[in-house]
Amino acid sequence: MKIVVSNPETGKSYQKEIEASQERVFYGKKIGDPIKGDPIGLAGYELELTGGSDKQGFPMRADLHGTARKRLLLSSGPGYKAKRKGERRRKSIRGNTVADDIAQLNLKVVKPGKDQLDKVLEKAAEKPKEKGKD
């Protein structure tokens with residue numbers, strides 16, 4: 001699972017790949033829930049879950065309860081942008097609860113930790129990828 005951590009103070013976002021053991025911390029959490037950053041390597045940070053998308057790319061929506069994917073009639077908001085005033089469309093949307101089929105989570109920093117976010121997450125991004133055998 002990928003997580004994208006946004007820092008509202010600086011306006012920067014950082015992406016990090018987490019392991020299956022770390023992503024279990026997020027299961028059952030809903031959009032808007034506070035999350036401690038300790039299990040994912042962000043010691044002292046407090047984060048807020050702001051959204052995400054599943055493995056097929058369908059976005060999560062805060063007003064749809066549960067983990068299932070539904071087809072809703074939308075006029076605005078996550079998952080749909082109207083081209084004309086008053087236009088509505090039926091679109092597939094993922095519920096607001098995190099499950100194992102979520103591929104990306106968006107998080108926002110609510111309370112910063114002692115280390116700077118860019119130093120902590122840049123170290124994770126600098127790891128070289130393993131080359132495949134020829």
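The numbers here are math on the coordinates, done by the rules we state, and not lab data. Since the structure is predicted, the reported quantities are computational estimates derived from the model, not experimental observations. Here Cβ is always computed from backbone atoms with ideal geometry, including for glycine, and neighbour counts include all displayed protein chains.
Helices in the chain, meaning DSSP H runs of at least 4 residues, each add -39500 (n - 2.57). Divided by all residues, the mean residue ellipticity at 222 nm is -2500 deg cm²/dmol. Pairs exceeding 32 Å between alpha-carbon atoms, taken from Lys12/Lys83; Lys85/Lys111; Lys91/Lys114: Lys85/Lys111; Lys91/Lys114. Per residue, the convex hull spanned by the Cα atoms of the chain measures out at 147 cubic angstrom.
Computed from label points 7 Å out along Cα-Cβ, the spacing between Asp100 and Ala20 is 0.8 nm. Considering only the other residues whose Cβ falls under 12 Å of the Cβ of Gly66, what net charge follows from Lys and Arg at +1 and Asp and Glu at -1? Around Gly66, the surrounding residues sum to +4.
Summed over all non-identical Cα pairs, the Kirkwood treatment of the range 28-80 gives a radius of 12.8 Å.
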